[in-house]
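Encoded as structure tokens, the structure appears first; notes follow it.
Just so it is clear, none of the values below were taken in a lab; they were calculated from the coordinates. Keep in mind it's a predicted model, so treat the numbers as computed, not measured. Note that we place each Cβ from the backbone using ideal geometry, even for glycine, and neighbour counts take in every protein chain shown.
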Amino acid sequence: MLETTKPPAEILKALETAPNIYLVLSPGLYILTASDLYLKATKSTRKAIVGKHIFEAFPANPDLPDADGVQNINASLQEVLRTKKPHYMRIQRYDVPDISNPGKFIQRYWDPSHTPVLDDSGNISYIIQLAANVTDKVLTEQALEKSRLQEQESLAHVKELNEALVSANNQLRQTQGNLHILNAGLEEIVHSRTKELAISEAKFKSLIMQNPIAMQVYRGDDMTFEINNDAMLQFLGKTAEINGKTLFEGVPEIMGQPIVDSLYHVYHTGEQLDITAMPVMIHRNGHDEHGYYNVSYRALYYDSKITGVLGIAIDVTAQVIARQALEESEEKLKVAIATGRMGTWSIELDTKQITMSDFVKDLLGIPADEPATVEKIMQAIDLEYHSDINNALKDAADNHQACDIEYAIRNLQTNEQKWVRATGRVFPGLYGKSAQFTGMFIDITEQKKDEQRKNDFIGMVSHELKTPLTSLKAYLQVLEIKAQKNDDTFVMNALGKSNNQVNKMTTMINGFLNVSRLESGKIHISIQRFDMAGLFKEVEDESIATIANHKVVFSPVDELFVNADRDKIGQVINNLISNAVKYSPQGSTIHVACQVADKCARVCVKDEGMGISAKDIDKLFDRYYRVNNNTNISGFGIGLYLSAEIINRHKGKIWAKSEIGKGSTFCFSIPFN
């Protein structure tokens, strides 16, 4: 029988106001309901999918690139059914039918998660699948990466071609030297006797025929071929049979091309002509071939009259095509950068000279016609991020470390605040230039606003849930009083358990509220000078009053003054103790200590609990991360994340050490000043 339990109408209404799409599934993975945004994104209708199994409504298509996506969704859902805990997936690709183009599909990318909602018995009532559309972000990053790879390939190709061009230029210089000799030979022909003239002409012809550069000699108004060396014949795709024929008889396809006008211009004026990358079409190898050539023409004289033209050609087609490919790649990169609201920047590590695109200057508020300086850039960046940026620059200069950091800026002209992401790495200097720290500058203001809207949504829902919970707790307390008067033990026990569940829910909601306030910048750190010994005494007294099933041992603390937010540090200590109680067996001992270490106040909480695996240690302080330990301990992984954020805002450190089956130790340290 198909399960029909759905989330309450208030929850569905709240979910509909969220920017993410959602799908609600039964424990048997049948679709109970879906948001309008989900139906629009998947090109489906509510009538077509509600009541169907999720993989019947959205079957895998092995012919599509996203076939693995359905398997990943299935694996995630099976994990949720097994553990009864939320599961967060990496970005997945799903191809949906293109209604306007039958048989075609449209790429979509989502970051889905599955969250089970449990009933009072601890069983799954329904599962909420949430996902955000990150298609634009993924496609932009893919386009940027593709353009970057194309640019690297083009640059490598251009480097090879430049080396070939250098070799060709050397040959051209050699040919120009030969031309000088040829011109000298011509002078000798003009001023020599008949016998000497014949000898000079023979030398002239021999020099051309032996030259590796393509060379030829035209004579007369009809441009009759007198000489074509082997390199020129190969270039034209002809044989020596064209010698003695006119230009248009020997190479008819040349008629009408610009190179002919250049040839006659030299013949009629005597002007020397050197043309770079002239387009020429030659019929050879059975078909028309288009190429680019460096062409040189020199007039030939007899008795002070022009009698012909000497022509030289060097094939530079590969270099021109590579340059065009590079320009096209650069243009694509510019389009990708403009589309993704990105710009480029570069710093020479030796001179500290800064180069940046107009987009980056406009974002910072630096006029396009003014140079970018470190002083102006740091003036635009919020003060709290200066240390991180200076460290990134130092790592780049000293260790060639790459960077990827986010920070807030304020436009120097408009005073408008924006968020940016700066990525970069060091590229070694070439051709005598210094190494450069180069990268991208990305405007992520809208992304941050989306996160803010999400946090506002979480905060709003959490705040709204507190009111009915408060009323529910009050009713439970009234019922407990009546049950006590009636000496109804069963009802008292049931109400006590209900009260515990309400307290847990209140703790979770407060955690969500704190997260949304923290990330919205509404939780402020109020620094004051206080004695850690006094704070420890208060925490110890509170623990004695509230913790009954564990033994909490506080080590003595000498007078120890720090500059910090007293309430927030107390919140962190209480949270670490609460975690130790939650994950330790009843009757076990928890040790709490505060010591001086490395000019810091170090607080450690050690328990005798189940321990944490090495693969989970580094993720413990991530937002909403929970260790998969197959227990029924409630929570959403908020406490440690909040604690880490509070300690980080004090310029301190927080860490954990643990071993499976031997307990865990959580520590944090904050500087004295």
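Charge dipole (Cα centre; +1 on Lys/Arg Cβ, -1 on Asp/Glu Cβ; no other charges) of the stretch 528-671 amounts to roughly 440 debye. For the stretch 528-671, the residue among Asn563, Pro585, Leu640 whose Cα projects farthest onto the positive side of the dipole built from Cβ charges is Leu640. Reducing the stretch 532-560 and the stretch 292-319 to their Cα centroids gives an inter-centroid distance of 97 Å. Ordering Met505, Met342 from the fewest to the most neighbouring beta carbons within 10 Å gives Met505, Met342. Put in order of Cβ neighbour count within 10 Å, fewest first, the listed residues Lys615, Lys84 become Lys615, Lys84.
Within the shell of other residues whose beta carbon sits under 11 angstrom from the beta carbon of Gly244, the net charge comes to -1, with Lys and Arg scored +1 and Asp and Glu -1. In percent, rounded to a whole number, the relative contact order of the stretch 212-259 is 30, using alpha-carbon pairs under 8 Å and six or more apart.
Among Leu472, Leu32, the order by Cβ neighbours within 10 angstrom, fewest to most, reads Leu472, Leu32.
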